[in-house]
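Just below is one structure, and these are the notes that go with it.
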Amino acid sequence: MEIKDKLGAIEAILFASGEPIEIYRLSEASGVDAGTLPSMIRLLNERYEDCGSGICIKKLDSSFQMCTREEFAPQVRAALETKRSAPLSNAAMEALTIIAYNQPVSKGFVENVRGIDSSSVINNLVEKGLVEEAGRLDVPGKPIVYRTTSVFLRSFGLSSVADLPPLPGQSDLVLETEEEFVDRELAEAQKSE
């Protein structure tokens, strides 16, 4: 397959998907080696930039997604007549921050840090697609743990969670980890028996 055919295949797959595609899946589907994909994506983005295209391809963790360029967001919004979604509440931002910096975490962990029931807040974040279930803890009750999604990365302009800014005074901040939280909860449950 010639390079222009490979570029065309990658572009078609990303366009048709509309969602982020893991590098390994894009490699399998396009027949392009996973190690070569980043340079192929760079070529496509250069083409888009050279002709003033309104689209680009973004890297989101270990995925790629075709997106509109940010500077055209007002026009896209106007054309689609999308209603602006309500901004996140302070409670939602707190919970999202806790999840983003400590993921994967359970609702119990978020509630422990916030000091208040966070079930509805986390459910709202799941509905908005900002967080998702990431499995279950191997402890009694098997609580669900949550992590951020590619929607979270896109919404905050990040390529990965490693791009999150450091927390203010992070060196002085000592938060209990999920493991420490679970161990403490188990110890307290055993004491009450």
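Observations, loosely collected:
- Identity of the residue in the stretch 1-50, touching a residue at least 12 places away in the same chain (Cβ under 8 Å), among the aliphatic types (A, V, I, L, M) and in a loop (DSSP other than H, G, I, E, B), that ends up surrounded by the fewest Cβ atoms within 10 Å (Cβ to Cβ): 1
- In this structure, residue 82 does not satisfy being modelled with pLDDT of 90 or more, out of contact with any Lys or Arg (no Cβ under 7 Å at 6 or more places or on another chain) and of a type in the set (Ser, Thr, Tyr).
- Options 110, 182, 151: the member that is at pLDDT below 75 and surrounded by 10 or more Cβ atoms within 10 Å (Cβ to Cβ): 182
The values are calculated or read from the model by the stated rules, or taken from the named source; none is laboratory data. What you see is a predicted model, and the numbers here were worked out from it, not measured in a lab. Cβ: placed from backbone, ideal geometry, glycine included. Neighbour counts: every protein chain shown.
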